[in-house]
Amino acid sequence: MHFGHDTVLCYRYTHVLSCKGSRILNMNLVKLLGDGQRYMKTWPMVRQLGFYFPEYRVVKATQLAIIAMPILALVVAASQLYVLGWDYLPQALTMLLFFISLPLQGLLWLGWRARHPLPLSLFDWSNQLSSTLTEMGIYCQPLGSTACYSDMAAILKLAFERLDQSYWDEL
């Protein structure tokens, strides 16, 4: 079977694109995990926000998963190998990878949420909070037209650090 010159070039071109595409996907995935880690550190861990935003629960679960899941993964894999033997190594590795992936899923969701644009109602509320902080003499930059949840998290963190409890009780 003979392949023409065009077929070989087409194969090389698509192979290069798929390699570049996977590298770009890996870079975006790593960046998304980093954004999730930063968002987790920025989000104010105040129980009152748990009524309005899922971030409080996701951050708590992800923090717990980062600590507990690697240990649990090793225990599950080791116990499976001990009880069932080395014939079950593929299943043990699958379980290990599943438990290791749980904190990564939390970080991916947080990274996605950090980049997600704010709805108009939260945009207005965050700008009101920003202006309240500015009136008190605390420098707080108002949100721009491309505001996202990470921008709101920074304002909320600053507000919870600087505003007194009476302001939050009114909400």
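The values are calculated or read from the model by the stated rules, or taken from the named source; none is laboratory data. Keep in mind that what you see is a predicted model, and the values were worked out from it rather than measured. With ideal geometry, Cβ positions are generated from the backbone for all residues, glycine too; neighbour counts draw on all protein chains shown.
Filtered by the rule that a residue be under 30 Å from A114 (Cα atoms), of a type in the set (A, V, I, L, M, F, W, C) and surrounded by 15 or more Cβ atoms within 10 Å (Cβ to Cβ), the stretch 62-88 gives A65, I66, M69, L72, A73. Each residue in the stretch 133-171 was checked for being surrounded by fewer than 16 Cβ atoms within 10 Å (Cβ to Cβ) and assigned to a helix (DSSP H, G or I), and 10 of them qualify. Every condition in (1) surrounded by fewer than 18 Cβ atoms within 10 Å (Cβ to Cβ); (2) at pLDDT 95 or above; (3) under 20 Å from F160 (Cα atoms) holds for T94 except the one numbered (3).
Here is the figure for the stretch 24-61: residues that are surrounded by fewer than 18 Cβ atoms within 10 Å (Cβ to Cβ), β-branched (V, I, T) and either within 11 Å of the chain's Cα centre (by Cα) or farther than 15 Å from M152 by Cβ (or both) total 2. Whenever a residue of the stretch 38-50 is basic (K, R), its partners that are assigned to a helix (DSSP H, G or I), lying with C-beta atoms within less than 8 angstrom and at least six residues away or across chains, give the pairs R38/A114; R38/S150; R47/Y56. Residue check: L110 meets all listed conditions (1) aliphatic (A, V, I, L, M); (2) more than 24 Å from Q37 (Cα to Cα); (3) under 19 Å from the mean Cα position of the chain (by Cα) but one, namely (2). A single entry from S131, S145, S121, S150 fulfils the requirement of being in contact (Cβ under 8 Å) with a residue 40 or more places away in the chain and out of contact with any strand residue (DSSP E or B) (no Cβ under 8 Å at 6 or more places or on another chain): S150. S79 meets all of the listed conditions (1) more than 26 Å from the chain's Cα centre (by Cα); (2) at pLDDT below 95 but one, namely (2).
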